[in-house]
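Student: One structure, as structure tokens, below. Some questions next.
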Amino acid sequence: MTPIIRPTNDKTFAEKLIRQNMSIYYKQLDMRWDTALFDKQWHELDSYELVINASRVGLLSINHDENAYYIRELQIAPLWQRQGLGTAAIRYAEEIALQSSIPLLRLRVFCINPAIALYERMGFRIRKTEGGTHYMERSIF
């Protein structure tokens, strides 16, 4: 399934989806959602919504430095997971990085998150693990 991926500034949609998807991990890891931190970081990201049949079903948020593009959020609504939307979002991030001539994609993922399998299928490799989080990276050139 191929989503429409378009820029979004809808912080409310993003926060709701992130909290919905990540609450199980926050609970398991005894973490608390920090709204102030989310508000601060939201303005530092380029965010995109994934749309199927006029319904918003996902979120991709990225930023970059001179060395890499960073996938800061990749969230797919539960009913739409495992249908190729995460793959489409990663490919979209790759295209943006390629157009900017930035050779790496990086992301962080909780060690208990099954999305690790997707990231490994997409060529990401674990570069370090710290505090229950894998730091993953892949070259796009």
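Student: Quick check: net charge around F13, other residues with Cβ under 13 Å of its Cβ, Lys/Arg +1 and Asp/Glu -1? Before the final figure, lay out each step's value.
Tutor: On the way: positive: R6, K11, K16, R19, R56; negative: D10, E15, E49, E73.
Combined, the nearby Lys, Arg, Asp and Glu give +1.
Student: R82 to Y25: extension gain in nm, 0.36 nm per residue of separation minus the Cα-Cα distance?
Tutor: 18.7 nm
Student: Calculate the spin-label point distance for F38 paired with N67, positioning each point 7 Å from the Cα along the beta-carbon direction, and give it in nanometres.
Tutor: Reported label-point gap for N67 and F38 is 3.0 nm.
Student: Output the relative contact order of region 4-139, whole-number percent, from Cα pairs under 8 angstrom with separation of 6+ residues. Numbers along the way, then the final one.
Tutor: Values: 190 pairs, mean separation 25.2, N = 136.
Across region 4-139, relative contact order equals 19 percent.
Student: If you don't mind, another one. Compute the distance from the alpha-carbon center of region 63-141 to that of region 23-45, in whole Å.
Tutor: Cα centres, region 63-141 to region 23-45: 18 Å.
Student: On to the next question. Mind checking which lysines have their Cα closer than 28 Å to the Cα of K128? Skip sequence neighbours fewer than 8 apart in that chain.
Tutor: Once the sequence-local lysines are set aside, what remains near K128 is K27, K40.
Student: A further question follows. Over region 62-118, what is the relative contact order in percent, taking alpha-carbon pairs closer than 8 angstrom and at least six residues apart?
Tutor: Rounded, it is 41 percent for region 62-118.
Student: How many nm separate the modelled label positions at S139 and I112, each set 7 Å beyond the Cα in the direction of the Cβ?
Tutor: 3.5
Student: I need the calculated FRET efficiency for the pair E130 and E15, taking r as the beta carbon distance and R₀ as 22 Å, to the nearest 0.05.
Tutor: 0.30
Student: Report the gain in length on full extension from A54 to R91: 0.36 nm times residue separation, minus Cα-Cα distance, nm rounded to one decimal.
Tutor: Using 0.36 nm per residue and subtracting the Cα-Cα distance, I get 11.2 nm.
Student: Here is a follow-up. Are there any chymotrypsin sites (Phe, Trp or Tyr not before Pro) in region 32-130 that are in a DSSP loop and have at most 13 other Cβ atoms within 10 Å? List them by number.
Tutor: Listed in order of number, the matching sites are W33.
Student: Using a cut-off of 12 Å between beta-carbons, work out the net charge of the residues near I4 (Lys and Arg +1, Asp and Glu -1, I4 not included).
Tutor: +1
Student: If exposed GluC sites (Glu not before Pro) are those in a DSSP loop with at most 16 other Cβ within 10 Å, what is the longest stretch of the chain that has none?
Tutor: 67-141
Student: If you take the alpha carbon radius of gyration of region 4-139 and divide it by 2.2 N^0.38 Å, what ratio comes out, to two decimals?
Tutor: For region 4-139, the normalised Cα radius of gyration comes out at 1.00.
Here, each number is a calculation from the coordinates, and none is a lab measurement. Since this is a predicted model, take the numbers as computed values, not measurements. With ideal geometry, Cβ positions are generated from the backbone for all residues, glycine too; neighbour counts draw on all protein chains shown.
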